[in-house]
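A.B. asks: First the structure, which I've put down as structure tokens, then a few questions once you've had a look.
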Amino acid sequence: MSNLSNDLSTLGQAAANFIASKHRMLIGGEREFADSGETLPVYDPSSGEEIGRVPSAGASDVDRAVIAARAAFERDDWANLTPVKRERLMLKLADLLEINAQEFSELESVNSGRGLVNARLFDVDLSVDYLRYMAGWATKIHGKTVGISAPYMPDSNFFAYTTREPIGVVAAITPWNVPLGQAIWKLSPVLATGCTVVLKPAEQTPLTALRFADLIEEAGIPKGVINIITGYGYSAGAAMVEHPDIDKISFTGSTEIGKGIGVVAAQNFKKCTLELGGKSPVIVLEDADLQSAIPGAAWAIFGNHGQNCCAGSRLFVHHTIYEKVLEGVADIAKNLKVGPGLDPETEMGPLVSKKQQKRVMSYINSALAQGATIVAGGEAIEGPGSYVQPTVISDVDDSMTVCQEEIFGPVLVVMPFSDVDEVVKRANATKYGLGASLWTKNISQVHRLLPKLKAGITWVNTHNVLDLAVPFGGVKDSGVGAELSEEAINHHTQIKSTIIQI
Ligand code: ADP
């Protein structure tokens, strides 16, 4: 064990007990192993040590879960539950998560590599809030009454209205960067609207979803409304996407996999929400307040170790302040305390896996090979953990791989610009369009430039701020549809029109 490995003896009893338990999926209200009996390993990325095994679901397990979800969707104990009762169940679930917050934070930190505080804030506390926020929506889903004319039937009268009906069985597939948070983003609108779901967390980080299954039972959510299966993307995930009895696919992950899922969904006319990759620009104008822009730009990329789909991975700085900002951000990178997630001193933990470490390093090496300069970091930390130093790269041009592709790690490229209209064009010149931030005190520039930025979410003098009540989704190769907010309700309901002759 190196000093970069978690000391698992510091775990609370509840988290330690859960890690040591035999993990089973949740299908139709029962705790189940995979039909094949196969399991997959779960690691602590700070040490590379296997900390457990979870079922590795195959097509037959997916089928069982979809059958259970379909049955629950049609069963009276869910289909006829009043909105206020759905709301109460969600509030109960939120309370249970809140009560067990420390255990969930520890499980998430150990399994994903992220710091305990980070896991607490973004996987647990925000999930509690989101469950409560979405619980409120359960009682506020409504259609409209519509005055109609039907001029070809002049002697008739009509009454017409629209209703919003739950879309049906949802296949929810989530990534490893904010594991429980992403799962709750998917489960909450399902519960609020009266849909049912089969959820598959990423194979790297299944623990908190499986622990959450206990709370689902405890809260009294009817059997089969939420089914949780664990398994690899190419087997369990693909079987979910291809299952004929799924009505909607809700996917968060890489653009490459999302594109394939979008094709399958389109071929079968399935509804689809895809929240995919990004290469989000951070643009610092000449007049920006550097006291906040420098740490803001550093946080934009190093928050969650760069494993954020809207991470500010390209920093454009006006040439008059370029050196100062570059130096400031590089200083922050050099001084970040890298260590295991359970250590309270840690500011940045390991990446999620050795595979991800290798991937991130290959991008850094490609930049070096193309003539870029490493200003901070640039190396993997030797040892069993999957650490990469916070890295700042300069002397790059827009066409380099490192400026075009999503790295999903703590790697920032910094580039000067002289003309604001030109920098907006450069900011837009990747296939992605998720987030973009502008740092300036000039309100006219804000209103002139923001509409030109091709992104699903834009920020001014901040970056990476997401809120339960604000829609989140991308344009271009960053995705389709939106999560959070009323939009999530809209994306889980289908409008039905009714016309009554009276
Ligand atoms: P990453 O490259 O960041 O791991 P992925 O897009 O591969 O992101 O994974 C995100 C989620 O998608 C995970 O839950 C993974 O298991 C799942 N997944 C991967 N491949 C497929 C696939 N072919 N079909 C469905 N889901 C998949």
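Each reported figure results from applying straightforward, stated rules to the coordinates on display, with no laboratory input. Just so it is clear, the model here is predicted, and its values are computed rather than measured. Counting neighbours? That spans all protein chains shown, and the Cβs are built from the backbone with ideal geometry, glycine included.
A.B. asks: State whether one or more residues within region 115-137 are over 20 Å from N464 (Cβ atoms) and of a type in the set (F, W, Y).
C.D. replies: yes
A.B. asks: Something else: Look through region 162-175, keep the residues that are more than 9 Å from the ligand (Cβ to nearest atom) and among the hydrophobic types (A, V, I, L, M, F, W, C), and return whichever of them is nearest to the chain's Cα centre (by Cα).
C.D. replies: Ranking the qualifying residues of region 162-175, first place goes to A172.
A.B. asks: Given the condition aliphatic (A, V, I, L, M) and in a loop (DSSP other than H, G, I, E, B), answer yes or no: does some residue in region 438-451 qualify?
C.D. replies: For region 438-451, residues aliphatic (A, V, I, L, M) and in a loop (DSSP other than H, G, I, E, B): absent.
A.B. asks: Please tell me if A150 is aliphatic (A, V, I, L, M), part of a strand (DSSP E or B), away from the ligand (no atom under 16 Å from the Cβ) and more than 20 Å from the chain's Cα centre (by Cα).
C.D. replies: When the stated conditions are applied, A150 does not pass them.
A.B. asks: Next question, about the same structure. Exactly one of these conditions fails for K454: (1) over 16 Å from the mean Cα position of the chain (by Cα); (2) closer than 14 Å to C309 by Cα. Give me its number.
C.D. replies: Answer for K454: the failing condition is (2).
A.B. asks: Within region 248-282, take every residue that is of a type in the set (S, T, Y) and closer than 23 Å to Q404 by Cβ and give me the one that is surrounded by the most Cβ atoms within 10 Å (Cβ to Cβ).
C.D. replies: Residue satisfying both the conditions and the ranking: S280.
A.B. asks: Have a look at G278, G237, G260, G231 and point out the one that is closer than 23 Å to V178 by Cα, within 11 Å of the ligand (Cβ to nearest atom) and in contact with a Phe, Trp or Tyr (Cβ under 9 Å, 6 or more places away or on another chain).
C.D. replies: Matching residue, one of G278, G237, G260, G231: G237.
A.B. asks: Go through I51, I19 for me and flag whichever is surrounded by 15 or more Cβ atoms within 10 Å (Cβ to Cβ) and outside any helix (DSSP H, G or I).
C.D. replies: When all the criteria are applied, what remains is I51.
A.B. asks: Testing L199 on (1) touching a Pro at 6+ places or on another chain (Cβ under 9 Å); (2) within 16 Å of the ligand (Cβ to nearest atom), one condition comes back false. Which one is that?
C.D. replies: Looking at each condition in turn, L199 falls short on (1).
A.B. asks: Scan A202, A266 and give me the residue that is out of contact with any Cys (no Cβ under 7 Å at 6 or more places or on another chain) and either farther than 30 Å from G349 by Cβ or outside any loop (DSSP other than H, G, I, E, B) (or both).
C.D. replies: Result of the check over A202, A266: A266.
A.B. asks: Follow-up question, since we're still on this one. Which one is farthest from the chain's Cα centre (by Cα) among residues in region 176-199 that are assigned to a loop (DSSP other than H, G, I, E, B) and closer than 20 Å to L81 by Cβ?
C.D. replies: Result: G194.
A.B. asks: Can you tell me which residue in region 22-47 is surrounded by the most Cβ atoms within 10 Å (Cβ to Cβ), limited to those that are assigned to a strand (DSSP E or B) and of a type in the set (A, V, I, L, M)?
C.D. replies: Applying the filter and picking the extreme gives M25.
A.B. asks: Hey, another quick one. I'd like the full set of residues that are within 7 Å of the ligand (Cβ to nearest atom) and either free of Cβ contacts under 8 Å to residues at least 40 places away in the same chain or not in a strand (DSSP E or B) (or both), limited to region 240-255.
C.D. replies: Within region 240-255, M240, V241, G253, S254 meet the criteria.
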